[in-house]
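Read-outs throughout are calculated quantities, based only on the coordinates presented, and are distinct from any laboratory measurement. Just so it is clear, the structure is predicted and the values come from calculations on it, not from any experiment. Cβ: placed from backbone, ideal geometry, glycine included. Neighbour counts: every protein chain shown.
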Amino acid sequence: MSALRVMEIHIVQKSVFPRPLPLSVLLGEDLQYGCYEGMHLTPGKTNKYGFTAFLPQAIGRGIRVRWQDGEEKEVTITLPLPTSDEEIAAFLGMVLRTARHWTCSLFLNGDPVTTHRIIDMEEDVQILNLRILHEMMLPMLTAEDQVLSFSCAMHRISCGKKEAESFWSGTTPNAFRDWMHALQSQVCFIAEAELFADDDAHTGVLTVPSNVPVVLPLQPEVPLPYYDLNNGTAEIQVNRWYARLYSSAEGRAVGMIPYNLFLSRLEGLNTSYYDASDFRLEALSEEDLYHLSEGGLL
């Protein structure tokens with residue numbers, strides 16, 4: 001299997017009279033940006049680590065950029081694979097714009113690289129990208145219940161066998177591109193788990209607001225920041241999960257019920273498949289919200 005799952009280019013300015021690297025050079029004309037607040041991207045913001053850039057017409061994995069306003073020394077630009085051909089082109093374009101703006105040295109995954117090589121490598125990266133996509137999908141074709149999650153520009157999304165069959169059959173990553181964009185461009189509220197410590201355990205809560213479509217997990221999970229990335233196991237145990245029912249009209253929670261009870265009460269409401277881990281619940285009316293909250297905690 002291809003070992004390379006990420007392309008990282010580190011750029012170091014060498015000029016005796018260093019120039020700041022403005023955001024406009026990094027983004028060019030096509031990219032937009034944002035930073036993560038919790039597990040989701042907030043467009044138009046940066047933080048102390050930098051930002052994530054994305055193509056609004058083809059939202060994919062996202063280009064991670066370690067950069068600060070007024071940066072004069074160095075910048076690191078990272079692209080996770082697999083992704084779309086469009087995002088590969090945008091990533092290389094960002095690198096080349098920076099290299100033209102600065103007198104600099106470039107390092108690809110730790111090794112020196114020239115701008116000429118960057119200019120010529122797009123097709124090679126596309127071939128590698130498609131190979132990685134196919135290799136990742138192959139085990140999914142025979143596993144009915146296996147789920148593979150991707151960290152993407154806006155938030156995490158997950159694929160299962162149904163999606164893998166589509167991605168595997170292509171000679172381009174276009175089906176993968178279209179899937180990523182279709183999910184991340186939806187106007188909806190992505191429920192994010194909040195964890196609260198009890199005496200000897202943790203309680204997880206997912207907020208369900210009214211008057212807006214909501215994406216919710218089929219089975220709640222401990223958020224990624226609470227995992228040991230070395231062995232892939234959660235560092236805490238959540239014993240109870242609840243749905244917090246929030247009235248957008250009143251600006252307050254009107255009830256909280258066990259998550260399994262919440263799921264059982266959704267029959268007759270408008271729900272649909274979102275991805276292999278999540279479903280979409282169409283906007284609840286205030287009446288629906290109060291009906292779901294009956295018998296719950298206040």
Once every DSSP H run of n ≥ 4 in the chain is given -39500 (n - 2.57) and the sum is divided by its residues, what mean residue ellipticity at 222 nm do you get, rounded to the nearest 500 deg cm²/dmol?
-7500 deg cm²/dmol
Hand me the tally of lysine pairs in the chain: alpha carbons under 27 angstrom apart, and the pair either on different chains or 8 or more positions apart.
4
Using a/c under 1.5 as the rounded threshold, could you call the range 53-197 rounded, prolate or oblate? The axes a ≥ b ≥ c are square roots of the C-alpha gyration tensor eigenvalues, and prolate needs a/b larger than b/c, oblate otherwise.
oblate
Rounded if a/c is under 1.5, else prolate if a/b beats b/c, else oblate: with a ≥ b ≥ c from the C-alpha gyration tensor eigenvalues square-rooted, which is the range 189-292?
prolate
Neighbour-count order for GLU144, GLU194, fewest beta carbons within 10 angstrom listed first
GLU144, GLU194
By count of other Cβ within 10 Å, fewest leading, how are THR171, THR103, THR98, THR83 ordered?
THR171, THR103, THR98, THR83
In percent, what relative contact order does the range 112-188 have, based on Cα pairs under 8 Å that are 6 or more apart in sequence?
26
Could you tell me which residue out of VAL95, TYR49, PHE17 lies farthest along the dipole of the range 1-110 toward its positive end? Charges go on the beta carbon: Lys and Arg +1, Asp and Glu -1, centred on the Cα centre.
PHE17
Final fewest-first order of SER293, SER149 on the 10 Å Cβ neighbour count is SER149, SER293
Taking the dipole about the Cα centre of the range 98-170, with the C-beta of Lys and Arg at +1 and of Asp and Glu at -1, give me whichever of PRO112, HIS134, SER166 is farthest to the positive side.
PRO112
Spatial separation of Cα centroids for the range 75-131 and the range 149-212, in angstrom
27
Value of relative contact order over the chain, rounded to a whole percent, pairs C-alpha under 8 Å and six or more apart
15
Is the shape of the chain rounded, prolate or oblate, going by the alpha carbon gyration tensor and its root eigenvalues a ≥ b ≥ c, with a/c under 1.5 for rounded and a/b larger than b/c for prolate?
prolate
Expected output is a single nm value to one decimal: the length gained when fully extending between SER166 and TYR49, i.e. 0.36 nm times separation in residues minus the C-alpha distance. What is it?
38.6 nm
Relative contact order for the range 1-159: what percent, with Cα pairs under 8 Å and sequence separation of 6 or more?
30
